[in-house]
1. Could you go through the stretch 280-288 and let me know if any residue there is of a type in the set (V, I, T), at pLDDT 95 or above, crowded, with 18+ Cβ neighbours inside 10 Å and closer than 27 Å to D245 by Cβ.
2. Scan the stretch 249-265 residue by residue and report those that are surrounded by fewer than 14 Cβ atoms within 10 Å (Cβ to Cβ) and polar (S, T, N, Q).
3. Of all residues in the stretch 235-248, which are out of contact with any Ser or Thr (no Cβ under 6 Å at 6 or more places or on another chain), within 23 Å of Y276 (Cα to Cα) and surrounded by 22 or more Cβ atoms within 10 Å (Cβ to Cβ)?
4. Among the residues of the stretch 161-172, what is the count of those that are within 15 Å of P135 (Cβ to Cβ) and in contact (Cβ under 8 Å) with a residue 40 or more places away in the chain?
5. For the stretch 299-315, state whether one or more residues are out of contact with any Asp or Glu (no Cβ under 9 Å at 6 or more places or on another chain) and of a type in the set (V, I, T).
6. Output yes when any residue across the stretch 205-212 is out of contact with any Lys or Arg (no Cβ under 6 Å at 6 or more places or on another chain), over 20 Å from L311 (Cβ atoms) and either part of a loop (DSSP other than H, G, I, E, B) or assigned by TED's automatic domain parsing to the domain that holds L233 (or both), and no when none is.
7. Residues that are more than 22 Å from F187 (Cα to Cα): which strands (runs of 3 or more DSSP E) entirely in the stretch 258-376 hold 3 or more of them?
8. Those residues that are over 13 Å from M297 (Cβ atoms) and out of contact with any strand residue (DSSP E or B) (no Cβ under 7 Å at 6 or more places or on another chain), I need them from the stretch 325-338; list them, please.
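The values are calculated or read from the model by the stated rules, or taken from the named source; none is laboratory data. What you are looking at is a predicted structure, and each value in this text was computed from that prediction instead of being measured. Because the Cβ atoms are built from the backbone with ideal geometry, glycine has one as well, and the counts that use them run over all protein chains shown.
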Amino acid sequence: MKRFKTTALTVMFLVLTLTVLVITLFREKGSISYQENRVLAGRPSFSVEAAVNGDITRDFGSYITDHFAGRSYLLKLKGVIEINVGERMINGVYISSDRLLSANNLKNVSTEGFTEAVNTFSDNYEGTVYFTALPTSTGVYGEMLPEYLNTGAEKQRIDSLYGDLGDKVRRIDAYSILKMLNDNYIFYRNDTKWTSYGAYCVYRTVIQKLGFSPIAYDRFTIEHVTGDFRGNLYNRSQYTGIKADMLDIYEYRRGTEIVSCKSYDNSGAAHDAKLYDKSFIGTNDMYRLYLGEKTLMLRINTGLNNDKKLLVIKDDYANCFVPFLTQHYSEICVISPDMLTSDLSKLLNVNEYEQTLFLFGIENISDELNMQLLNR
């Protein structure tokens, strides 16, 4: 009888495994994981070369793993089980008592090419260049990590980066501001990026460096757009035990209005855009509430008649920061260098802007960005 039960269980397990594999192979496949917010591996194509060097085996393995039936549910179940047995690390994400933290947020990559491109830009630029490097939540809340993971690498990386920038580049310290205010809601609990309030706290210093007086906090009307935001750390861990985050819109009703907001691709084609795009609420990428669909260039014209023009070269950290700047400039041009495929000079003359602000999260600064295209 015991042997019969063992045999029956074995057969049932094999049938279940085969069924899941068949469903995985033949069910309709998507190209994007909305739960993990990433592109999934495509179906590998067979070639003799790939079969010989083993690439076909690796690619097919990635394909099956990404499209495995019930993958999202299994990932969530895995996280629950690991937490219940005392494991605090899931896919490089550390689970603290009240937030998720990246435990491997800094890649061991060179930033020499990046800083060289910024220095070349400032040498050839007729206006004034400012640079702000932003820590991630790990850089500000590193004390929540176990001692062996709390290396202080982000502060060291920012200091090293600032040391490599040329004399013509004016550095703005955001790390000290955010570290000092870390008892406030300045970083998301489920994402590496800062909140709108964190952006506002740094804006107060940045805008003074740029020559303006900041808008007082109590002048803004704050709209809590959603309390269901879960960001890149959730996507990696699929852990739901941390409270979801709030996405806010800061509106200065007595301030200037946005006259036009246009996005541009590498061909120069223009499209209507928004500072805040609520159509992304409820999607897999709700952070796109800020500045909308990712684009190479965004040109914002306001109702101010001060003829002040600002060029912002940035990554996604700046998305919730840019709206604060609109109360001080008649025109702001925003460039995402990772979207560049051709020389920036084909799109605009940077010397039409008297100030340029570089604003990047330290986790995204590397030689992989096409910064050289800014100088051609």
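1. No, there is no match, as no residue in the stretch 280-288 is of a type in the set (V, I, T), at pLDDT 95 or above, crowded, with 18+ Cβ neighbours inside 10 Å and closer than 27 Å to D245 by Cβ.
2. S260
3. D245 - this is the single residue of the stretch 235-248 that is out of contact with any Ser or Thr (no Cβ under 6 Å at 6 or more places or on another chain), within 23 Å of Y276 (Cα to Cα) and surrounded by 22 or more Cβ atoms within 10 Å (Cβ to Cβ).
4. Looking only at that region, the number is 3.
5. Yes - at least one qualifying residue is present in the stretch 299-315.
6. There is no residue in the stretch 205-212 that is out of contact with any Lys or Arg (no Cβ under 6 Å at 6 or more places or on another chain), over 20 Å from L311 (Cβ atoms) and either part of a loop (DSSP other than H, G, I, E, B) or assigned by TED's automatic domain parsing to the domain that holds L233 (or both).
7. 258-264, 270-272, 297-302, 309-314, 331-335
8. Pass one, the stretch 325-338, residues over 13 Å from M297 (Cβ atoms): 325-330.
Passing the criteria: Q327, H328.
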